[in-house]
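Accompanying notes for the structure given below.
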Amino acid sequence: MAKLKMAVYWGAACGGCDVAILDTQEKILEIAELADIVFWPIAVDLKYEDIETTEDESIDICLYNGSVRNSEQQYVAELLRRKSKVVIAFGACACFGGIPGLANLFDRDQILERVYKTTPSTSNPDNIYPQTEVKVKEGTLFLPHFQATVSALDKVVEVDYYIPGCPPPVNLIMGAVDAIKTGNLPPKGSVLAPEKSVCDECPRERKEKAIPEIKRFYQVQDDGKTCLLEQGILCIGPAVRAGCEGACIKANMPCRGCMGPTPGVIDQGAKMIGAIGSVVGLADEEIMSESEVQELLDKVEDIIGCLHSFTLPVALINKKIKEKS
């Protein structure tokens with residue numbers, strides 16, 4: 001069988017998804033046997049023009065990780081979509097917007113002002129901001145345009161498959177490799193991960209008991225075996241797709257949601273609020289009133305950051321709307 005051609009690209013990302021490919025360890029030889037890398041900026045010295053000059057759909061598989069924050073990332077996403085037969089949103093940032101997506105809590109002007117003017121370490125008395133184009137004696141220099149919002153990949157181009165995670169677990173990567181190798185890929189639009197929730201993979205005991213309040217992690221003496229949520233720790237496993245094998249929980253840390261929402265869920269945060277409502281209660285097991293539940297949630301530090309750490313750009317309310325003057 002002729003080897004496939006594969007492209008890997010990072011948008012607004014930390015590089016962890018690229019490292020995850022290397023984390024397959026000796027199994028990376030299976031990937032190398034399956035496909036030739038024709039584009040991977042972090043690992044291979046190739047230029048955009050090397051892709052621009054190829055025929056459309058000449059690349060068999062593209063793994064695009066990272067969200068889309070600026071015009072360069074959008075251009076490359078559109079370029080690789082045109083040149084690739086199959087595009088896979090690889091990792092939480094590409095699938096849902098990821099941690100960079102929390103920037104949607106602020107508008108573009110607020111972010112630029114904070115970074116280039118008001119941070120404690122910034123000295124910028126002339127209020128100099130980056131420009132997308134500036135002329136110097138050697139010619140014209142260009143920078144990508146910083147867009148108004150962070151977008152998940154499928155808000156910019158059509159995506160064929162999704163492999164979630166921050167970064168994607170090795171078992172999911174190799175599962176996708178096997179599916180590609182054997183031609184047993186599911187229908188387009190599928191998430192290449194289990195359809196159950198993180199709670200279904202969690203080894204901790206659930207007692208179906210109500211909790212009187214939600215606490216910060218440091219306020220609880222974790223017993224190492226009881227459901228974190230039932231101890232009052234905000235673990236959002238009930239609203240999150242499985243596939244990570246409960247990695248964070250096995251390390252005694254609550255789930256933060258990098259695998260994205262469970263199947264059929266439109267808004268991960270809204271789903272989790274419902275889950276919280278099912279376990280909160282008074283010590284004597286009385287049902288909390290709506291105002292008491294709201295009071296409880298108001299005590300949670302950064303409710304958006306807790307419920308939408310990785311999924312704000314795909315939430316029902318996914319960005320801050322600037323009021324018109």
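Summary of values
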{"quantity": "Residue satisfying condition, being closer than 25 Å to A89 by Cβ, in contact with a helix residue (DSSP H, G or I) (Cβ under 7 Å, 6 or more places away or on another chain) and modelled with pLDDT of 90 or more, within set S190, S197", "calculated": "S197"}
{"quantity": "Output for region 104-120, where each listed residue is closer than 20 Å to H308 by Cα and out of contact with any strand residue (DSSP E or B) (no Cβ under 9 Å at 6 or more places or on another chain)", "calculated": "L105, F106"}
{"quantity": "Answer from E78, E55, E30 - the residue that is closer than 27 Å to V150 by Cα and acidic (D, E)", "calculated": "E78"}
{"quantity": "Flag for A176 being assigned to a loop (DSSP other than H, G, I, E, B), touching a strand residue (DSSP E or B) at 6+ places or on another chain (Cβ under 7 Å), at pLDDT 90 or above and surrounded by 13 or more Cβ atoms within 10 Å (Cβ to Cβ)", "calculated": "no"}
{"quantity": "Some residue of region 279-288 being surrounded by 15 or more Cβ atoms within 10 Å (Cβ to Cβ), closer than 30 Å to N171 by Cα and in contact (Cβ under 8 Å) with a residue 24 or more places away in the chain", "calculated": "no"}
{"quantity": "Count of region 2-24 residues which are under 13 Å from I173 (Cα atoms), surrounded by fewer than 17 Cβ atoms within 10 Å (Cβ to Cβ), in contact (Cβ under 8 Å) with a residue 24 or more places away in the chain and not β-branched (V, I, T)", "calculated": "1"}
{"quantity": "Candidates D109, D126, D160 - the one that is under 20 Å from E195 (Cα atoms) and either at pLDDT below 95 or acidic (D, E) (or both)", "calculated": "D160"}
{"quantity": "Selection count where residues are more than 24 Å from T24 (Cβ to Cβ) and within 21 Å of the chain's Cα centre (by Cα), scope region 168-199", "calculated": "4"}
{"quantity": "Residue in region 179-190 that is on the phi > 0 side of the Ramachandran plot, outside any helix (DSSP H, G or I) and without any contact (Cβ under 8 Å) to a residue 40 or more places away in the chain present", "calculated": "yes"}
{"quantity": "Per-region count, region 202-221, residues charged (D, E, K, R) and buried (at least 18 other Cβ atoms within 10 Å of the Cβ)", "calculated": "1"}
{"quantity": "Region 191-226, residues that are part of a strand (DSSP E or B) and under 26 Å from L22 (Cα atoms)", "calculated": "V191"}
{"quantity": "Some residue of region 232-242 being at pLDDT 95 or above, within 17 Å of the chain's Cα centre (by Cα) and in a loop (DSSP other than H, G, I, E, B)", "calculated": "yes"}
{"quantity": "Residue check for G260: touching a Cys at 6+ places or on another chain (Cβ under 9 Å) and either modelled with pLDDT of 90 or more or under 18 Å from I304 (Cα atoms) (or both)", "calculated": "yes"}
{"quantity": "So G97, is it on the phi > 0 side of the Ramachandran plot, out of contact with any Phe, Trp or Tyr (no Cβ under 8 Å at 6 or more places or on another chain) and not hydroxyl-bearing (S, T, Y)", "calculated": "no"}
{"quantity": "Residues being touching a Leu at 6+ places or on another chain (Cβ under 9 Å) and farther than 26 Å from G243 by Cα - total across region 50-70", "calculated": "4"}
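The values are calculated or read from the model by the stated rules, or taken from the named source; none is laboratory data. Remember, predicted model here, so these are calculated numbers, not experimental data. Don't worry about glycine lacking a Cβ; one is built from the backbone with ideal geometry, like all the others, and counts go over all protein chains shown.
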